[in-house]
Amino acid sequence: MSSFEILMPKLGESVQEATITKMFVKLNDVIEEDDMLFEIATDKVDSEIPSPVSGKIVELRFKEDDVVPVGEIVAIVDMSEDAADAEQVPQVTEKLVVEEIEEQVVSDVAEIKSDSDRFYSPLVKAIAQKENISQSELDAIVGHGKDGRVQKEDILKFVAERQTPTNMAVATPAKGDIVKPLAKVEKPKVSMSVGANDQIIEMDRMRRIIADHMVMSKQTSPHVTAMVEADVTDMVNWRNKIKDEFFAKEKTKITFLPIIIEAVSKALRDYPMINSSVDDYKIIVKKDINIGVAVALPSGNLIVPVIKNADQKNLLGITVGMNNLADKARNNKLDADDVSGGTFTISNFGSFKNVMGTPIINQPQVAILAVGTIEKKPAVLETAAGDVIVPRQKMFLSLSYDHRVVDGALGGAFLRKIADYLEEFDVTRNV
């Protein structure tokens, strides 16, 4: 039998496993090349996986809702001409699947031994080791996966709850003291009354991930927000002047957002500590400047596609890249690489005519910029003949930053620098 193994694809540098959310084929189905086999979901993006070959499905090792490590065999296709008459290969039992997965452990993670038969994915083991979670603590985590399996969201929630102030000792123990672990404090459940005419909407998978990520961010980073108002009159006039010519030449629209991304990229080069992440008591300053932009999906959820190496692109490159990512997001065509690797995020409150906002940091980054709507306002300008009141285009910028590593002086200087780049926009430039 000439067979082909369908593997769980790698969907980004940080993705080590994915959940099969939908199976399009079943055992003994005859398929053609590019037929959809299954749909998978990670914590970043959903994707449909096509078949690279034609043939007959003779083995399915996983089913819907299973969490599969990257590189694991999901299905086997018989590509021989007499595949239709080939002897059926028995489907691998769940026990065998579990045994095979347990043999594949992340290379830099020591094997976690357990007296129970409970299965833990390589990603969960990696997080447990990094966060110094004992085996007894791991076994006690309530899992929401298949058969009570602990998922990434479950262990991250445990870590976040363990780090909350209610679970941390206030006094610093003296040398030689025996420190006993504090009992886990359950979060109080808010009592909720439901009326006869109320509508109950179950959160979809993406909304649950967003909710958990936002709560985790607030528990992880002490948020501080600073605001400035920028005079962007020159930027607005320049864009209004060249937008029609730009569209005729490049076949894509130029908005204010690429100009803002360009200004942020320059400011991140000036203040590289903002382009960083925190690992315990270590600050990791990122070499690449990858700027994510929050995009609203038709479903009402949000996703953050990333402009990679934004500081190395000119305004045209940023514009084309941003428009392509926005189109892919609206059509659910983003892949994992499109939404991974971000080092700084921009949230465009102005697209909804909001004046300003205080966004939540997109972990593991240390800052996020909110951009308000542009409004024409009266402003006082100094002239040789004295002060005059004139109409100007104004916009609020607000920066939420992680006060563990970004102090007010750094955060304020960085935000002011963005405003300066926008206010000093060169109106004589070409795109």
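Tabulated data
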{"item": "Any hit, the range 257-272, residues being part of a loop (DSSP other than H, G, I, E, B), of a type in the set (A, V, I, L, M, F, W, C), assigned by TED's automatic domain parsing to the domain that holds Ala367 and over 15 Å from Ser347 (Cα atoms)", "result": "no"}
{"item": "Search result, residues across the range 264-291 that are under 30 Å from Asn132 (Cβ atoms) and surrounded by 15 or more Cβ atoms within 10 Å (Cβ to Cβ)", "result": "Met273, Ile274, Asn275, Ser276, Ser277, Val278, Lys286, Asn290"}
{"item": "Top-ranked residue in the range 279-313 [being at pLDDT 95 or above and of a type in the set (S, T, N, Q); ranked as nearest to Phe425 (Cα to Cα)]", "result": "Gln312"}
{"item": "Out of Val236, Val285, Val293, Val264, sole residue that is of a type outside the set (D, E, K, R) and within 20 Å of Ala336 (Cβ to Cβ)", "result": "Val293"}
{"item": "Hits in the range 335-377 - residues which are under 22 Å from Asp311 (Cα atoms) and assigned to a loop (DSSP other than H, G, I, E, B)", "result": "Ser340, Gly341, Gly342, Thr343, Ile361, Asn362, Gln363, Pro364, Val366"}
{"item": "Tally, over the range 26-54, of residues that are surrounded by 19 or more Cβ atoms within 10 Å (Cβ to Cβ), β-branched (Val, Ile, Thr), touching a strand residue (DSSP E or B) at 6+ places or on another chain (Cβ under 7 Å) and not in a strand (DSSP E or B)", "result": "1"}
{"item": "Test result for Ala169, aliphatic (A, V, I, L, M), touching a Leu at 6+ places or on another chain (Cβ under 7 Å) and either within 30 Å of Ser400 (Cα to Cα) or modelled with pLDDT of 80 or more (or both)", "result": "yes"}
{"item": "Looking only at the range 213-236, and only at residues there that are assigned to a helix (DSSP H, G or I), assigned by TED's automatic domain parsing to the domain that holds Ile361 and of a type in the set (A, V, I, L, M), the one that is surrounded by the fewest Cβ atoms within 10 Å (Cβ to Cβ)", "result": "Val236"}
{"item": "Candidates Ala367, Ala419, Ala379, filtered to the one that is touching a helix residue (DSSP H, G or I) at 6+ places or on another chain (Cβ under 6 Å), within 21 Å of Ile259 (Cβ to Cβ), in the same structural domain as Leu268 (by TED's automatic domain parsing) and not basic (Lys, Arg)", "result": "Ala367"}
{"item": "Residue under evaluation Met322, criteria (1) touching a strand residue (DSSP E or B) at 6+ places or on another chain (Cβ under 8 Å); (2) surrounded by fewer than 18 Cβ atoms within 10 Å (Cβ to Cβ), criterion not met", "result": "(2)"}
{"item": "Residue, modelled with the highest pLDDT, within the range 325-339, restricted to residues that are closer than 21 Å to Asp204 by Cα and touching a strand residue (DSSP E or B) at 6+ places or on another chain (Cβ under 8 Å)", "result": "Val339"}
{"item": "Residue check for Thr319: among the polar types (S, T, N, Q), closer than 26 Å to Ile374 by Cβ and either touching a Phe, Trp or Tyr at 6+ places or on another chain (Cβ under 9 Å) or not in a strand (DSSP E or B) (or both)", "result": "yes"}
{"item": "Looking only at the range 111-148, and only at residues there that are modelled with pLDDT under 80 and touching a Leu at 6+ places or on another chain (Cβ under 9 Å), the one that is farthest from Ala18 (Cα to Cα)", "result": "Ser114"}
{"item": "Any hit, the range 355-363, residues being polar (S, T, N, Q), surrounded by fewer than 14 Cβ atoms within 10 Å (Cβ to Cβ) and closer than 23 Å to Thr42 by Cβ", "result": "no"}
{"item": "Failed item, numbered, when Thr345 is tested on (1) in contact with a strand residue (DSSP E or B) (Cβ under 6 Å, 6 or more places away or on another chain); (2) of a type outside the set (Gly, Ala, Ser); (3) under 20 Å from Glu229 (Cβ atoms)", "result": "(3)"}
{"item": "Members of the range 7-25 found to be modelled with pLDDT of 80 or more and either in the same structural domain as Ala126 (by TED's automatic domain parsing) or touching an Asp or Glu at 6+ places or on another chain (Cβ under 8 Å) (or both), listed by number", "result": "Leu7, Met8, Thr19, Ile20, Thr21, Lys22, Met23, Phe24, Val25"}
{"item": "Residues (in contact with a helix residue (DSSP H, G or I) (Cβ under 6 Å, 6 or more places away or on another chain) and within 30 Å of Asp154 (Cα to Cα)) located in the range 215-267", "result": "Met216, Gln219"}
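The values are calculated or read from the model by the stated rules, or taken from the named source; none is laboratory data. Please read all numbers here as calculations on a predicted model, not as lab measurements. Note: ideal-geometry Cβ built from the backbone for every residue, glycine included; neighbour counts use all protein chains shown.
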